[in-house]
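The values are calculated or read from the model by the stated rules, or taken from the named source; none is laboratory data. Note that the structure is a prediction, hence the values are computed from the model and not measured. Positions of Cβ are backbone-derived with ideal geometry, glycine not excepted, and every protein chain shown enters the neighbour counts. Surface accessibility is based on the protein's heavy atoms, side chains included, excluding ligands, DNA and RNA. Shrake-Rupley method; radii C 1.70, N 1.55, O 1.52, S 1.80 Å.
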Amino acid sequence: MCGIVGYTGHRNAVPVLMEGLGRLEYRGYDSAGIACLNHGGKHLFVVKEKGKLSRLREELKRHAVSAKIGIGHTRWATHGEPSRFNAHPHLDFTHRIAIVHNGIIENYASLKEKLIRKGIRFASQTDTEVAGNLIGHFYGKGNLLEAVRKAVKELRGYFAFVVIAQDEPDKIVAFKRSNPLVIGLGKGENFVASDVTALLPYTRRVIYLEDEEYAEITPAQVRIFSSSGKLVKRTSVTVRWDVSKAQKGGYPHFMLKEINEQPAVVKSILASHVKNKRIHFDTLDRKLTKRLKQIRKVHFVSCGTAYHAGLVGNYMMGECLDLPAEATVSSEFRYEDPSVDKRDLVVLVTQSGETADTLAALREAKAKGALTLAIVNVVGSTVAREADGVIYTHAGPEIGVASTKAYLAQLTVIALFTLYLAGIHPCRKKQFSLLKMKSRLQEMLRLPSQIKETLHQEAAVVRCAKTLYGKKNFLYLGRGYNFPNALEGALKLKEITYAHAHGYPAGEMKHGPIALVDNRQPVICICPESSKTYEKMLSNIEEIKARRGIIITLATQGDKQVAKLSNQVFSVPNTSEMFSPILTAVPLQLFAYHVAVLNNRDVDQPRNLAKSVTVE
Ligand code: M6R
């Protein structure tokens, strides 16, 4: 959580920092601030505000700040409530050093006590200020890099930070342990940020800092040092992301834009991995493919929406291969002492590639010798770099906190990977013949246009949302492949509307949740005709109807049986059950979006959330 940005160069740093923070605001929006060395580098100037970046922007209008160097921060509170005092940047006790930080310093309390005993005073409740004061404590002779190195030796936890000092007026020092930092290279100017999206307006040449590395950044050069102080040689990489993808492009919200990008996202995934009617992944080398053929079990490990993608993956694996598969949320996997070894494949699914629990799960799996594969959106992210193999979803930047296009991209990649594995692994199910595989692949190629068609349901979704947006409780039901989508639909709704929503396997309804159903209860039922439990699902819908529930159904186009039972139907084109979640997810996303808009919710930045969860 939290977004960090830093600039040193020939421009006025303030607009650069504010532009960067605008692009990082999805990482946290409890408070924001910047610190600059005012032109001439005489003193550190700090402006910070509680609340969104817009408040900082307003505040900045009252100050004429011009600086060639500065750092900025947008916060998701961990230690200390959201307030101006706890907002970053923090100054050290000498007021010569400013720091912005992302992550958690686990031993901050004992360090704070130690520093207080030395007579150092604190102005905030944050762990960040402890790091700042420790650096200030070591700064004595005016060598920022050295002071940072000494301080880091005492800091426990997972974090990244960036500091500037008044006495070294063109230098930024950055350190990374687990949480991401990327350096942007310019001409006579350099940048640093939590995420490349903040750098895209200025440069595409970037260097990803590795764990335990320090960077000393001046306008003329970037020097990277290992933990032992050795100068590290690192070549830059060029980022291909399109800057316009990180803007709203005429849509009122990023979420709606990202929902509408889905046909193109899925199309480009299929174009990159399906050639001459065969599936291939450039990023999986021969050695890895050899190991894939030997695996005995597949584990999908992920969080939130990505976990739901993993659950769908389970069903896919189950249909195509005689291999056990299991989906687990990362925060459970990492602590359950997972019994995995070199015959297990652990697939980490993550949009950001920085989710703390997923990263920890990856490290746990690797330590146990498992083969690890990352399905990741953000290129160069930590999970992508640390896993044995990576398949990028290439959905482009996803800015809305509610994940939409990343989810469809994950489902598409997992479906392709399952078919690919079924093609190379000795345990392909007998009934899943090569012919069937081919026809499934052909079917996949129709998905982009089918998603587009599904988007035409928006008007019906809006009509339905208008009748239900005042409701406080929603029940989502699905079976088989679409049970994970019941969870996903409910997650989307609760995270952006704050209504309570519950996803449940429809077959379990009569074991409890049916007690909720009366004539005021909306029940969203996912019931594609291709499902092998279609008829069972129809019976479940009948049971809700008998109790006069408000039935909204996601059904296959032309399904009259479902229409008769429902108050409202959202139709999706026909496809195999295996791919049906890729279509049924779309009306669920649109429904959550429109209910949120009708409730005047902050769709792209819902309360208490952040896009990437880089703390445990
Ligand atoms: O970046 P990741 O895919 O690892 O993030 C996982 C979850 O934090 C994320 O999917 C979250 O649940 C979304 N806000 C859901 O819309």
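Taking the convex hull of the alpha carbon atoms in region 1-156, what volume per residue do you get, in Å³?
104 Å³
Starting from the Kirkwood radius over alpha-carbon pairs of region 570-616, derive D by Stokes-Einstein at 4 °C in a medium of 1.567 mPa s and give it in µm² s⁻¹.
My calculation gives 99 µm²/s for D.
Show me, for region 82-89, the HN-Hα J-couplings you get by feeding each phi into the Karplus relation (A = 6.51, B = -1.76, C = 1.60, θ = phi - 60°), rounded to Hz, glycine and proline as x.
For region 82-89, the Karplus curve yields x, 7, 5, 5, 7, 5, 8, x Hz.
Tell me, what is the per residue accessible area of region 254-445 in Å², probe radius 1.4 Å?
36 Å²
What translational D, rounded to a whole number of µm²/s, comes out for region 328-400 from Stokes-Einstein when the hydrodynamic radius is the Kirkwood one over Cα pairs, at 37 °C and 0.692 mPa s?
Translational D for this selection: 271 µm²/s.
How many percent of all Cα-Cα pairs in region 141-271 sit more than 23 Å apart?
For region 141-271, the share of Cα pairs beyond 23 Å comes to 44 percent.
Quick one: in region 248-361, what % of C-alpha pairs are over 18 Å apart?
64 percent
In a shell of Cβ-Cβ distance under 14 Å around L284, excluding L284 itself, what net charge do Lys and Arg (+1) and Asp and Glu (-1) give?
+3
Quick one: compute the contact order of the chain, relative version, from alpha carbon pairs under 8 angstrom and 6+ residues apart, as a percent.
With pairs under 8 Å counted, the relative contact order is 12 percent.
Could you tell me what percent of the accessible area of region 186-287 is made up of carbon and sulfur, with a 1.4 Å probe and every protein chain present?
Answer for region 186-287: carbon and sulfur cover 50 percent of the accessible area.
Over region 50-179, give the accessible area per residue in Å² for a 1.4 Å probe, as an integer.
Roughly 42 Å² per residue, with all protein chains present.
Can you tell me the accessible area per residue over region 455-598, all protein chains present, probe 1.4 angstrom, in square angstrom?
Result: 38 Å² per residue.
Give the shape of region 455-598 as rounded, prolate or oblate, defined through the alpha-carbon gyration tensor: a ≥ b ≥ c are the square roots of its eigenvalues, a/c under 1.5 means rounded, and otherwise the shape is prolate if a/b is larger than b/c and oblate if not.
rounded
Going from the alpha-carbon gyration tensor of region 534-592, what semi-axes, largest first and in whole Å, does one get by taking the root of 5 times each eigenvalue?
Result for region 534-592: semi-axes of 20, 13, 10 Å.
Sum up the charges of everything whose Cβ sits under 9 Å from the Cβ of D127, counting Lys and Arg as +1 and Asp and Glu as -1, but leave D127 out.
-1
Need one word for the chain: rounded, prolate or oblate. Basis is the Cα gyration tensor (sqrt eigenvalues a ≥ b ≥ c); a/c below 1.5 gives rounded, then a/b vs b/c decides.
Taking the square roots of the gyration eigenvalues as a ≥ b ≥ c, the chain is prolate.
Where the accessible area of region 395-487 is counted over protein heavy atoms with a 1.4 Å probe, how much of it, in %, is carbon and sulfur?
Carbon plus sulfur share of accessible area: 57 percent.
Step through the table entries K176/K230; K230/K366; K536/K564, compare each Cα-Cα distance with 18 Å, and write down the pairs that go over it.
Flagged as over cut-off: K230/K366.
Count the net charge of all other residues whose Cβ sits under 10 Å from the Cβ of R96, scoring Lys and Arg as +1 and Asp and Glu as -1.
Overall, the nearby charge balance is -3.
With equal scatterers on the alpha carbons only and no solvent term, can you work out the Debye log10 of I(q)/I(0) for region 254-445 at 0.18 1/Å?
-1.23
Checking the a/c ratio against 1.5 first, then a/b against b/c, what shape does the Cα gyration tensor give for region 208-289?
Oblate.
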